[in-house]
Structure formats: structure tokens, C-alpha cells
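Trainee: Got a structure for you, questions after.
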Amino acid sequence: QLQANPGIMSLTLLNPSDALSLANDNSKMAPERLPSMQRSETGEPIAVNQEQIDTVRSGLKPEHIADDATVARFVRATNGNLKESIKRLKSTCDWRAKAKPEEVVCKACAKNSRSHYMHVVGHDLLGRPIIYSCVALAENKVYEDNRDHMIQTFETAIKCMPEGVEQWVWVCDFHGFGMSDALNVKIAKAFLEISAAHYPERLGQFVLLDAPPVFSMLWKAIKSLVDPKTYAKIRFVPYDVKSKQSELVQSLKANFDDTTAAWLLREVMENRDKAKIKQKRYDVGHIHKAASAGQLQGLCTDLSGAMAEVKEMGEARTSPLPLHHSHSDDGDFHDHRGTCSLLQMYHEKPAILEPQGRVMRGKQ
């Protein structure tokens, strides 16, 4: 069984030549084959017994529905305080009944697909969905819109979890973060409050990539609000693609399969290219339409053919690449919608992108 090294759990980046060689080594493990036991930060299994689960469930209202895994997450979040677990789970059950988060659609993205750039892009070695976001590609700064988009993304990540997996990894790329973002404390607080209150024990790792000095202003304002459990999962990681002798490469290899590691590297590199940024948008409606039409099946094979076509035609090629594809000088392709394995999952289960995908298709 392949597992991430419990002692090295932060995302790190490596130099381009190393990443491209990783991509060529197709040693990826499918999420379905990964171990289902959730583990602590030290790698040891966390046990919540059935008696605790039954006690918490007995304290809920008749209309409250929560499976054992959900109850267990709340027990872990409260360090076994059953009274507090009941209180918090009641609040979440009431919230879900009223807010219906599984049906939340980011209205801003429905109007403009450049509003936000935060979505599931793949899975780590433990089968946990990877959420990637980049400040530079998000035009919308409105609190309500960002709150809804975050909820929409969290719910999608849950639907992307293989059986036995309960957490996600969030790589938050701070490229483009400026003074106006540092002063927008409300959005950061929304993440902390909603995550702690209604998605406890869902965050496996929170990677803060390339946080600039100005971020310290926001960090000072919210640091006291960060739950100790969440704080332990935060990793500040510098943007570094040039170091050849670094532990960063080993860290990346320890937590992501080769293809996903290379995908992440290409993505963060592209998002520092102004020309590439102008071409990018994340359109859930378009992806849902492509998945429903079978256009995401065998995408890696299709891209290999397209890559060969580009090499053969060179500058004679007249038809532009789709907006979700980009290629480097060596003809290597990158699909910013996500890794091939994730897009294959969408092909097999388009419902993962519903109802958001259907709603946004109707807006097009």
C-alpha cells in the first residue's frame, strides 16, 4: 500500500526538468486503491468508538440525519467532548437544512467564469481531493460570492472523495495577492468560520503558497481565530522552481503521484505568466457539458495526439487550442481543468458537477 510520508505533509515545488521527468513516469495509483483509514498528523489512526457515535446521535433532533462518519468527525473535532459534539452537529444539521449547501451555485461564476479560480484539480497519494486556488485569476472580491463559491467547491470535493476518504488538501496560491486583499478580512473569516463550524475535520492540509510580505497584515488579523487543529495543518511554502538540491522535491514526491506533481508545477508556473492568465477561466457549465457528451473520455490519449499534431504542423497550425489547453515550446500540454484522472472521473460521473453544472450551462 502506498501512503504519504506522515512526516512530510506540506506541498512543495520542484524545478521544471524534475517535474517533467516525473510526469513521464506513469506510476500513479488510482484513488480507489488507497487505504481508507483516516489518519492523524502523526500518521496514526484516530479511533472513535461506536458508543460515542451512538451517544451523539441520540442527542440530535429526529429530523437530523448524520451517518457514522459525520458524527465521528465532530467527535474528533471536539477531542471527544460529546456534549460539544452534539451542539455543533445540531447547528450544522440545521444549517444544511436551511442553506442546502449541496445546491449552492456561485451566481458570480454563472455570470462571469473569471469571477473565481478555486476548484478541485486532482487527488493526493491518500486519495484526498486537491483544491487549488489562485488569487491572480480571481476577479470577484465580494464576500457573499466568495462564500458561496467556497461552499460550492467544498461540496464538489466531498463528491470527489473515494470511499473511506474524508478530507481534502487545499493549495492556496497567493500570487497576485495585494493590499486590497490584505484588507479584505471578511472573506478570510468566512473560510475559517464556515470550515470550523460546518466542515470540521475535512481539511487535511492547507498549503499557503508564495504568500507575500503584505499577507502578514491579514495573518495577524485572523491568526487568533484559527482553530489549533487547523493551525497544525497550515504550511507556508515559498514559490521555488529553480532549486536543484532541496528537500522540496522529496516532499512533493512523498505526497503526490508523479503526474499530479507535474500538473501542479505547470499550473503554478503558468499562473505567473500574464499571457496565460488572460486565456484562463474555470467554467463548470462547460466542463459538465463536455463530461455529459463524453468529451472527457481518454483525454490524455487525445492530448498526446494533439501534441503530435502541433509538432508536425508547427506554425502552419491555424486553429487555436481550446481555452482550457495550453502547451509549452516542447509541445507538452496542460489542461487547467484538472488532472487526467479527475477529468476521467467527471466523464464517468457527470453528476459530481451537478446541480452547478446544469445551472451554469443554462446561463450560457
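The values are calculated or read from the model by the stated rules, or taken from the named source; none is laboratory data. Every value quoted in this text rests on a predicted model; they were computed, and no experiment measured them. Neighbour counts are summed over all protein chains in view; Cβ atoms, including those assigned to glycine, are modelled from backbone coordinates with ideal geometry. Accessible surface is based on the protein model in full, side chains and every heavy atom, while ligands, DNA and RNA are left aside. Shrake-Rupley method; radii C 1.70, N 1.55, O 1.52, S 1.80 Å.
Trainee: Quick one: accessible surface of R358, probe radius 1.4 Å, all protein chains present, in square angstrom to the nearest 10.
Mentor: 130
Trainee: I've got another one for you. Which length gain, in nm to one decimal place, applies between E51 and K100 when the Cα-Cα distance is subtracted from 0.36 nm times their residue separation?
Mentor: On the way: separation 49, 0.36 × 49 = 17.64 nm, distance 2.94 nm.
Gain on extension, E51 to K100, equals 14.7 nm.
Trainee: Over all alpha-carbon pairs of the stretch 162-302, lay out the pair-distance distribution in 10 Å bins, whole %, shortest bin first.
Mentor: 9, 30, 36, 22, 3
Trainee: Then there's this: Hey, how much of the P(r) for the stretch 154-210 falls beyond 15 Å, as a percent of Cα pairs? Numbers along the way, then the final one.
Mentor: Values: 949 of 1596 pairs.
Above the 15 Å cut-off, the stretch 154-210 has 59 percent of its Cα pairs.
Trainee: Follow-up. Do any GluC sites (Glu not before Pro) in the stretch 100-168 lie in a loop, going by DSSP, with at most 13 other beta-carbon atoms within 10 Å of their beta carbon, and if so which? Write down the numbers at each step before the final one.
Mentor: Details: sites: E102, E103, E139, E144, E155, E163, E166; in loops: E139, E163, E166.
Here the GluC sites (Glu not before Pro) that fit, given the DSSP loop and packing criteria, are E139, E163.
Trainee: According to the square roots a ≥ b ≥ c of the eigenvalues of the Cα gyration tensor, what is the shape class of the stretch 91-240, taking rounded for a/c under 1.5, prolate for a/b larger than b/c otherwise, and oblate for the remainder? Could the numbers behind the result be given before it?
Mentor: Values: a/c = 1.34, a/b = 1.18, b/c = 1.14.
Rounded, since a/c falls under 1.5.
Trainee: Which of the peptides 114-124, 224-234 is most tightly packed, and how do the rest follow, going by the mean number of other Cβ atoms within 10 Å of each residue?
Mentor: Numbers: 114-124: 24.2, 224-234: 13.7.
Per-residue mean Cβ counts within 10 Å order the peptides as 114-124, 224-234.
Trainee: Given contacts defined as C-alpha pairs under 8 Å and at least six residues apart, what's the relative contact order of the stretch 45-179, whole-number percent? Please list the in-between numbers first.
Mentor: Details: 166 pairs, mean separation 27.8, N = 135.
Once normalised by length, the contact order is 21 percent.
Trainee: How far is it, in nm, from the label point at R272 to the one at K349 when both lie 7 Å from their Cα along the line to the Cβ?
Mentor: Between R272 and K349, the label points sit 3.5 nm apart.
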